[in-house]
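Reading through the structure tokens given below for one structure.
Any read-out appearing in this document is the output of simple, stated calculations on the displayed coordinates, not a laboratory observation. This is a predicted model, so every value here is computed, not measured. No Cβ is skipped: glycine too gets one built from the backbone with ideal geometry, and neighbour counts run over all protein chains shown.
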Amino acid sequence: AGRPGSAPSTEAARQLLDELEALSLLLETPVETEDAPDRPAPAIRVAPTRDWAAIQRLADGEAGTVVEACLKGPLVVSIALPPDADAACPAGPMKLCLTLPEGYPLPDSRAMIVSVTVHGAIFSVADQERIQDAATAVAEEMAGGEAMWAVASAAQDAARALEAPAAAAAAAAAGSGTPASLSPGSVPAAGGAMGTRVWIWFHHIKNPAKKKAICDWAKELGLVGACKPGYPGVLIAQGSESACKEYTSRLRALRWKAMAVRAEEPLNRGVAEAEAEFAAALAGCGSAFAGHVRGVALLGEQDLGLAASLFDRLGCGGTFRRVILKMSSERDPEPGDELGGADSS
């Protein structure tokens with residue numbers, strides 16, 4: 001156990017490591033220290049090296065004045081983002097330099113300092129300033145919390161908003177006409193396969209990068225579902241069996257305090273029919289969800305009651321109470337929706 005006063009430093013170190021690990025998985029690039037050899041591939045680089053090593057020791061519970069000093073002063077994290085492959089005329093790679101304040105990401109820490117560099121000829125100096133302003137605004141808004149993924153996403157979103165007119169101008173100048181419109185990423189074809197539903201419990205879901213992964217991966221894999229973040233975290237997702245297995249496998253690769261797949265249900269109808277039923281049940285929960293077709297709908301952290309209402313509309317409220325809330329219930333799943341194996345935490 002650490003000495004008195006060490007708990008906040010240990011918690012900050014653990015949260016920072018969790019956030020960097022989530023970023024690494026989402027961007028599919030390693031976390032490296034400044035003394036690692038340069039690579040042509042994108043990477044997340046942390047400097048100075050001595051701070052990085054001390055942060056890892058502190059997160060493991062080692063206490064002491066020297067170790068805890070690793071969070072004194074700023075820590076610089078550089079994130080190299082690849083070109084947007086989905087853009088009609090993608091810009092060059094983008095580099096974010098994030099200067100994390102002392103104590104990041106604890107609630108009393110200040111906003112990080114953001115510097116953005118976009119390589120390539122598409123963006124002007126003024127455009128790069130707009131991208132940096134957008135990222136800085138998000139950093140200031142999220143001061144006192146985990147913000148690296150949100151800041152990186154804000155920079156990418158601002159770049160995409162500027163890419164379309166820049167690409168159109170470049171295409172016109174080259175005499176090639178209007179560039180092709182963006183094509184959405186493909187998702188596995190469900191066909192007439194029967195659906196599967198998974199129920200996942202988490203100790204908590206707070207990290208913005210993990211929330212984004214939950215939503216983005218579901219959409220990529222052609223799943224529908226709902227997630228109630230906060231304490232506890234609740235996630236239901238349904239679609240083809242193979243997509244559900246891939247989804248849970250990716251989620252398990254992230255670092256969680258506790259995660260358990262509480263149940264897997266084979267649905268007695270096809271993926272397309274189950275998807276339509278889910279969309280209708282979600283739309284019945286409020287206008288905010290009207291038109292939600294694919295992916296995971298993110299509820300509020302206090303929306304446990306709304307989640308229960310949604311699952312009641314789907315006819316699986318009994319399953320929710322039994323396997324997630326661990327309550328005895330007179331309500332049973334609809335006929336044909338038998339529970340599969342369950343993991344208890």
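Below is a table of values for the structure above.
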| read-out | value |
| --- | --- |
| In Hz, Karplus ³J(HN,Hα) per residue of the range 250-266 (6.51, -1.76, 1.60; θ = phi - 60°; x = Gly, Pro) | 5, 5, 5, 6, 7, 9, 10, 5, 7, 9, 9, 7, 6, 6, 10, 10, x |
| Whole-Hz couplings from phi, Karplus 6.51/-1.76/1.60, listed for the range 205-210; x for Gly and Pro | 10, 10, 5, x, 5, 6 |
| Taking all pairs of distinct alpha-carbon atoms in the range 194-324, Kirkwood radius in angstrom | 14.4 |
| Entries of Lys212/Lys326; Lys95/Lys228; Lys95/Lys211 with Cα pairs more than 31 Å apart | Lys95/Lys228 |
| Ranked list, fewest to most other Cβ atoms within 10 Å of each Cβ, for Thr248, Thr99 | Thr99, Thr248 |
| Under Karplus coefficients 6.51, -1.76 and 1.60, residue-wise ³J(HN,Hα) of the range 224-231 in Hz, glycine/proline x | 10, x, 8, 10, 9, x, x, 10 |
| Radius 12 Å from Cβ of Gly284, net charge of other residues (Lys, Arg +1; Asp, Glu -1) | -1 |
| Net charge contributed by nearby residues that have their C-beta within less than 13 Å of Val224 (K/R +1, D/E -1) | -1 |
| Residue order, fewest to most beta carbons within 10 Å, for Thr196, Thr33 | Thr33, Thr196 |
